[in-house]
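The values are calculated or read from the model by the stated rules, or taken from the named source; none is laboratory data. All values reported here derive from a predicted model rather than from experimental measurement. Cβ placement follows ideal geometry from the backbone for every residue including glycine, while neighbour counts extend to all protein chains displayed.
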């Protein structure tokens with residue numbers, strides 16, 4: 001362009017013009033630049049471009065250099081020079097008027113976009129990406145180098161295996177732990193310390209299963225990182241011989257189990273000795289087995305579970321009992337004075353038999369005094385100062401009853417005599433106290449015997465035909481029973497009156513019936529006396545309470561009117577159902593035994609024996625020869641009955657009739673071969 005508007009600011013050097021907005025005839029003016037000389041040179045292929053420049057209005061609070069219209073004009077400028085030159089010809093910011101809106105950027109096809117300020121977090125993202133890449137590389141490297149190895153930080157039974165190959169871990173584990181099978185193991189159970197060999201107790205290791213148990217390489221990256229700083233314990237997988245383990249634990253139990261020992265005081269002669277209290281304990285067998293299986297390879301000492309039973313008396317209570325009670329009790333003898341200048345002495349070395357201690361329920365010991373034991377020591381020493389009471393008796397030696405007077409006793413009352421015993425044992429010497437004597441009346445006084453009304457024989461019976469050994473026993477029991485008195489309404493028991501009838505009482509072996517066949521036993525033959533006594537009471541009209549016939553019939557006894565006895569099992573009993581007392585007179589010779597019942601006769605008795613019925617033949621038995629085999633020819637069995645008729649002695653009027661039926665088994669034929 002050859003002409004220049006004097007009202008425009010132009011910068012020829014930058015190839016760029018800006019409208020000043022002073023043309024009153026138009027809201028927009030257009031300026032055209034002349035062609036760039038360089039662009040017109042031959043060979044130049046720079047394109048001609050046209051662009052618009054928007055000139056913003058000046059702000060209201062800042063004066064403009066030139067007056068401007070309200071809306072900026074838009075000019076189309078044809079450009080002949082290259083775009084870069086055109087861009088460089090743009091006015092500097094200070095050449096533009098101040099505006100409230102930013103100027104619009106001029107788009108150019110080939111120019112780079114304007115540079116924008118990047119956010120701050122973009123830089124952080126780049127750093128994180130770099131760190132993640134480094135971590136991924138490290139993770140992959142660590143995974144590759146540790147593949148097939150035991151995970152880091154793994155310990156088995158205190159042996160570090162982390163990072164080792166499976167083969168190396170197996171070798172190290174067998175070397176370090178395998179040797180422990182042969183090493184003694186200390187087991188503590190309560191207060192007992194014991195030793196055992198794991199091998200002998202059936203304890204071992206399943207090596208393959210243990211290595212399988214350590215696990216594989218962890219995938220979790222956090223786990224892999226923390227494994228550099230931490231360790232993980234893995235239990236051994238045990239191999240157990242249950243039979244051997246049970247035997248070992250049972251052996252331990254025999255050493256561990258004990259009953260509680262209460263604190264106490266005992267006496268060694270005349271010395272009081274305290275017994276130390278010890279809690280009881282009992283091994284928990286199942287718990288002990290589990291503890292040994294789980295811990296044998298990891299611990300040199302294993303605590304085995306026990307159940308403890310506490311004692312109730314402590315050591316302080318024991319010491320107190322010794323100092324305050326037991327010690328003073330054995331310091332001196334204790335003397336009891338009796339009649340006729342006789343004394344009974346409880347020596348200090350005998351105190352232990354009388355003085356005992358027991359827990360008082362409050363943690364202490366309470367003294368206990370055994371009066372029966374004291375009486376056993378003291379009574380014999382004063383026995384000859386006493387008079388035993390004696391019942392009145394009735395003698396029939398002269399052919400008629402005569403009352404022999406009773407004797408009132410004079411006996412030491414030991415319960416009363418021993419009342420001051422606790423105080424005496426705590427008192428200083430001398431320790432002396434008088435024995436307490438009291439009169440003791442007889443069970444049957446003279447007056448009582450006279451009032452019984454025993455005048456005459458009211459029943460009598462005699463049997464014979466026994467062997468020599470049986471005769472010994474028969475005479476002995478007849479002697480024991482002779483003189484027995486049964487008061488009105490009382491019941492007489494043969495077993496109860498005689499008590500035991502054994503060798504200690506002078507009885508000898510003789511014939512009996514054992515399970516239906518002849519045999520021998522101490523006291524045999526007593527049944528003959530029982531039969532004789534039963535018949536005497538039968539004819540005296542006394543009430544039959546209990547009696548049992550023999551299992552098979554013995555011909556020297558009346559049929560259905562006989563009795564057998566066996567100590568502790570079969571008894572003979574009858575009741576005195578008269579208004580007066582009765583006396584049993586019994587005696588025996590080498591061939592027979594007689595029993596008489598004395599009293600006051602009020603009834604008469606008739607015996608009626610029926611015929612035999614239902615006979616059965618005996619069976620034959622063959623037994624080995626010896627003392628237990630007694631030959632027998634046998635006898636048939638049968639059924640018999642007896643009827644007792646009782647009438648009033650004064651009037652003859654019948655009072656009662658009673659029939660008893662008995663079935664006798666056949667006597668077997670016994671052959672001894």
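Quick grid of which residues meet (1) surrounded by 10 or more Cβ atoms within 10 Å (Cβ to Cβ); (2) modelled with pLDDT under 75; (3) closer than 19 Å to residue 230 by Cβ; (4) not assigned by TED's automatic domain parsing to the domain that holds residue 228:
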site	(1), (2), (3), (4)
116	no, yes, no, yes
120	no, yes, no, yes
137	yes, yes, no, no
141	yes, yes, no, no
156	yes, no, yes, no
159	yes, no, yes, no
162	yes, no, yes, no
167	yes, no, no, no
Residue that is nearest to the chain's Cα centre (by Cα) [pool: residues in the range 350-374 that are surrounded by 17 or more Cβ atoms within 10 Å (Cβ to Cβ) and assigned to a helix (DSSP H, G or I)]: 352
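Hey, does the range 247-262 have a residue that's on the phi < 0 side of the Ramachandran plot, in contact with a helix residue (DSSP H, G or I) (Cβ under 6 Å, 6 or more places away or on another chain) and surrounded by fewer than 18 Cβ atoms within 10 Å (Cβ to Cβ)?
So far as the range 247-262 goes, no, none of its residues is on the phi < 0 side of the Ramachandran plot, in contact with a helix residue (DSSP H, G or I) (Cβ under 6 Å, 6 or more places away or on another chain) and surrounded by fewer than 18 Cβ atoms within 10 Å (Cβ to Cβ).
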Enumeration of residues in the range 375-407 that are surrounded by 13 or more Cβ atoms within 10 Å (Cβ to Cβ), closer than 30 Å to residue 454 by Cβ and within 60 Å of the chain's Cα centre (by Cα): 387, 389, 390, 391
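Return the residues of the range 484-520 that are part of a strand (DSSP E or B) and modelled with pLDDT of 85 or more; say none if nothing qualifies.
484, 485, 486, 491, 492, 493, 509, 510 - these are the residues of the range 484-520 that are part of a strand (DSSP E or B) and modelled with pLDDT of 85 or more.
Results for (1) closer than 19 Å to residue 475 by Cβ; (2) in contact with a strand residue (DSSP E or B) (Cβ under 8 Å, 6 or more places away or on another chain); (3) assigned by TED's automatic domain parsing to the domain that holds residue 396; (4) crowded, with 17+ Cβ neighbours inside 10 Å, shown as yes or no for each residue.
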residue	(1), (2), (3), (4)
559	no, yes, no, yes
564	yes, yes, no, yes
570	no, yes, no, no
579	no, no, no, no
607	no, yes, no, no
613	no, yes, no, no
623	no, yes, no, no
626	no, yes, no, no
629	no, yes, no, yes
Among the candidates 587, 656, residue that is touching a helix residue (DSSP H, G or I) at 6+ places or on another chain (Cβ under 6 Å), surrounded by fewer than 17 Cβ atoms within 10 Å (Cβ to Cβ) and modelled with pLDDT of 95 or more: 587
